[in-house]
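What follows is calculated from the coordinates using simple rules that are stated; it is not laboratory data. Nothing here was measured: the structure is a model prediction, and the numbers come from that model. Don't worry about glycine lacking a Cβ; one is built from the backbone with ideal geometry, like all the others, and counts go over all protein chains shown.
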Amino acid sequence: MYQKVEGTMKSKDEQIKKAVVEMLYWDNRIDASEIQVEVTDGTVTLTGVVPSYGVKEASLFAAWKIPGVKQVKNSSFVKFPTTAKILSDSQIEESIKKQLEWNDSTSRENIQVTVNKGEVSLEGYVDAYWKMFRAQKLASDVIGVVDIDNKLTVVPTEDIEDQVIATHIINAIGRSNLVKTEDVDIKVKHGIVTLSGTLPTRLLCEAALEFAYNT
């Protein structure tokens, strides 16, 4: 019996691995031949070399899209092409600050940027949860970034009642064709959103989270 269960789990892991590899090859930002994929009990481990932090994030998100994936460990490391012009830490910092300043969603936010050997730290405050991820995405697109530590804190500028937040999330889910509102239980207490329920794929779970993030 144990051998049968073990064999079934191994078969599922092999299916997940095949699907992850195919997903990596489908994404034209990623050189899938440089990334190794291993799967154990639904946990995907990515190793290898990527040309930028943006590609490292793209490979992470690609793996999460596969049904059956429980966790993704992205151990790939950034190695810039020899032809790339690598910016100094001060240049990376200045470039990120300009990106944040020029973007409408982050231009008025209180965000401090520090860079040490290509490792970026974002600290300060934003007024919405989705802006925290937007700031990280803007930073990840800068050449020379090898890692990002996002320490931004969400401090809403408006005092919105929990019920209003919950209603906005329910309405957003209802407008989509991806997730059914009856499949997700939404609770909000002091601005903290908790989503529970059962969805068939990780991708749909991410979609539900996205609706909450953007509220």
* So in the chain, what percent of DSSP beta bridges are antiparallel if you round to the nearest 5? -> 60
* Asked: Using 7 Å Cα-to-Cβ label points, what is the Thr40/Ser75 separation (nm, one decimal)?
  -> 0.8
* Asked: Arranged from highest to lowest average of other beta-carbon atoms within 10 Å per residue, in what order do the peptides 122-132, 104-114, 55-65, 75-85 appear?
  -> 55-65, 122-132, 104-114, 75-85
* **Mean projected area (nm²) of the alpha-carbon convex hull when segment 162-213 is viewed from all directions** => 3.1
* Asked: For the chain, which DSSP H helices look membrane-span-like by this rule: Cα extent along the axis of 15 Å or more and mean Kyte-Doolittle of at least -1.0?
  -> 2-26, 53-64, 129-140, 162-175, 202-213
* Asked: Amide H of Val146: which non-local residues (sequence gap of 5 or more, or other chain) have their own amide H closer than 5 Å, using H built in the peptide plane?
  -> Glu119, Val120
* Would you mind getting me the FRET efficiency between Lys98 and Leu195? Use the beta-carbon distance for r and R0 = 35 Å, nearest 0.05. => 0.50
* To do: Provide the gained length on full extension for the span Arg29 to Thr153, in nm with one decimal, where the gain is 0.36 nm per separating residue minus the Cα-Cα distance.
  => 41.6 nm
